[in-house]
Structure formats: structure tokens, C-alpha cells
1. I'm told ARG46 meets every condition in (1) among the charged types (D, E, K, R); (2) surrounded by fewer than 19 Cβ atoms within 10 Å (Cβ to Cβ); (3) touching a strand residue (DSSP E or B) at 6+ places or on another chain (Cβ under 9 Å); (4) within 17 Å of TYR189 (Cβ to Cβ) except one. Can you identify the failing condition by its number?
2. Taking the options ALA92, ALA67, name whichever one is in contact (Cβ under 8 Å) with a residue 60 or more places away in the chain and closer than 20 Å to ALA9 by Cβ.
3. Only one of these is over 21 Å from GLU175 (Cα atoms), in a helix (DSSP H, G or I) and at pLDDT below 95: ALA88, ALA76, ALA92. Name it.
4. Taking region 95-135, which residues are part of a helix (DSSP H, G or I) and not β-branched (Val, Ile, Thr)?
5. If a residue has to be among the β-branched types (Val, Ile, Thr) and either free of Cβ contacts under 8 Å to residues at least 24 places away in the same chain or in contact with an Asp or Glu (Cβ under 8 Å, 6 or more places away or on another chain) (or both) to count, how many in region 41-64 make the cut?
6. Select from region 178-234 the residues that are β-branched (Val, Ile, Thr), crowded, with 16+ Cβ neighbours inside 10 Å and at pLDDT below 85 and list them in ascending order.
7. For region 62-103, which residues satisfy the criterion of being charged (D, E, K, R) and over 20 Å from ALA166 (Cα atoms)?
8. Return yes or no: is VAL146 outside any loop (DSSP other than H, G, I, E, B) and in contact with a helix residue (DSSP H, G or I) (Cβ under 7 Å, 6 or more places away or on another chain)?
Amino acid sequence: MIIGGGDEAGRGAVIGPLIVSVICVSKGKERRLSDIGVRDSKLLTRRKRDFLFDEIKDICEEVKYYAITNEEINSAMRSGVSINQLEAMRFAQLVDELQSNMKRMYVDSPDVRAERFGMRIGLSSKKPMQVLGIKGNGKQKGSIRVISEHKADARYPVVSAASIIAKVIRDREMERIERESGVEIGSGYPSDRYTVEAIKTNLASKRLNPYIREYWKTLERIKQRKIKEFEGFS
């Protein structure tokens, strides 16, 4: 049986893309993910994530990811599409691209109602899905069983593996942005002082404009120069 995992990296950032990743592995090989040290990417050093990236690709049947650019995020939010909806659409796209006959997929949910995120993926996918915990979501023949949970990246190795893939790709994208812009931007998250300084500098230079999310409250706080308030924001 083929099982899958889905997770993202960069959701809470103000600079850089949001990366979504889906991996699938045969049930017999799932244990190998734990054996090589796969766990939530936030608990691993960058060196360890980089090492595991290739190991995960060797173990898995398929590994897919999609970089949601800030231009795409900004456009979606201007059109009234929430970040949850956009993320679910891109997860569905990756699932539709899989060649493997995946029977079950675990997803780390950003929605306050965990099952609702799984339903959003199902509604956007061309493949039949049964979302665990959704009433009236009858099982269809050949459907993928979707388990959408909070903190799934800490519970299921397949989700942890997807989180590592997403994080490594995002790290590489951040390096590319630094090279192209010539600005040290740090992690791109609002808790990073390098990110704060980069956005402050960008108010004049505009070099980072293509990589910044327009609709983040943190961005408005920087523009208003309420730095003390900003540093306590999470």
C-alpha cells in the first residue's frame, strides 16, 4: 500500500515563498524514514535536513513540491482567496500529479478545524477523497483516505519527511533571493531581526518588492515603524 504525507514551509514568513510538499512511500518502507532520523523539520539543523533530503528521495516512491510565490499569494488575497484555500489548492495539484496509487495521505492542517483543510484539498483535487472526520463524506471506490490533523508533522514520519523537503527547498529559494536582491534577509520570518532590517531598508530601495507579501500585518507594522510592537508579534 502507498501512503503519503503533506506539509509546508514558509507559511508565517513575510519574505520568500510558501513551499508545499507531498511525498509518498510504500507502507513497507515507511519505517526507514524513522530509522534515518526523519522528524519535524523545525527540530533539525539545516545540515541534517540537507542530508535527509536526498535520503528521503531515495526511499520514497515520489516526491513533489510547489513554490507558491509572493506574487501568487498577493494576487490570491487581492481576489479574496485565503491562504488556506490557496495552500489546499496547491496540495491538490501535487496529489493529482502523483503517478503512484496512493491510498492514504496524512496532512498537517493549518486550519483551526483540522478536517476542513482536508476537505478543501478534496474539493480541489480531481481524484476522489474521503476525509476522516467529515460527516456525510461517503467513501467512493478507489478514494484516497485523507487524515488532516494539527501537528501531524510531529506524529507521522511521512508528514515529517514532507516538511523536510519543503524546508530545504525554501532555504534554497531564500539563498537565491539574497543573491538576486543583494540584500541580507535572514529567514524571512517576523521574529528575525535581519528580516526586519531588510524590510526597513526596502522602504527606500524597493529591491525586495517582488519577494514580500503585501497583506501581512507584520509588514504594515514595519512600515509604521512600530518596531517594539513588531518584535513582540507572533
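The values are calculated or read from the model by the stated rules, or taken from the named source; none is laboratory data. Please read all numbers here as calculations on a predicted model, not as lab measurements. Counting neighbours? That spans all protein chains shown, and the Cβs are built from the backbone with ideal geometry, glycine included.
1. Of everything listed in (1) among the charged types (D, E, K, R); (2) surrounded by fewer than 19 Cβ atoms within 10 Å (Cβ to Cβ); (3) touching a strand residue (DSSP E or B) at 6+ places or on another chain (Cβ under 9 Å); (4) within 17 Å of TYR189 (Cβ to Cβ), ARG46 misses just condition (3).
2. Values: ALA92 fails: in contact (Cβ under 8 Å) with a residue 60 or more places away in the chain.
Going through ALA92, ALA67 in turn, the sole match is ALA67.
3. Values: ALA88 fails: at pLDDT below 95; ALA92 fails: at pLDDT below 95.
Result of the check over ALA88, ALA76, ALA92: ALA76.
4. Going through region 95-135, the residues part of a helix (DSSP H, G or I) turn out to be 95-97, 114-124.
ASP96, GLU97, ALA114, GLU115, ARG116, PHE117, GLY118, MET119, ARG120, GLY122, LEU123, SER124, listed by residue number.
5. Initially, region 41-64 is screened for residues among the β-branched types (Val, Ile, Thr), giving 45, 56, 59, 63.
Subsequent filtering for residues that are either free of Cβ contacts under 8 Å to residues at least 24 places away in the same chain or in contact with an Asp or Glu (Cβ under 8 Å, 6 or more places away or on another chain) (or both) retains 45.
The qualifying residues number 1.
6. As a first pass, look at region 178-234 and keep what is β-branched (Val, Ile, Thr): 183, 185, 195-196, 199, 201, 212, 218, 222, 227.
Next, from what is left, pick out any that are crowded, with 16+ Cβ neighbours inside 10 Å: 183, 185, 195-196, 199, 212, 218, 222.
If the condition is that a residue be β-branched (Val, Ile, Thr), crowded, with 16+ Cβ neighbours inside 10 Å and at pLDDT below 85, then THR218, ILE222 are the ones that fit.
7. Step one: filter region 62-103 for residues charged (D, E, K, R), giving 62, 64, 71-72, 78, 87, 90, 96-97, 103.
Scanning region 62-103 gives ARG78, LYS103.
8. Numbers: outside any loop (DSSP other than H, G, I, E, B): yes; in contact with a helix residue (DSSP H, G or I) (Cβ under 7 Å, 6 or more places away or on another chain): yes.
In short, yes.
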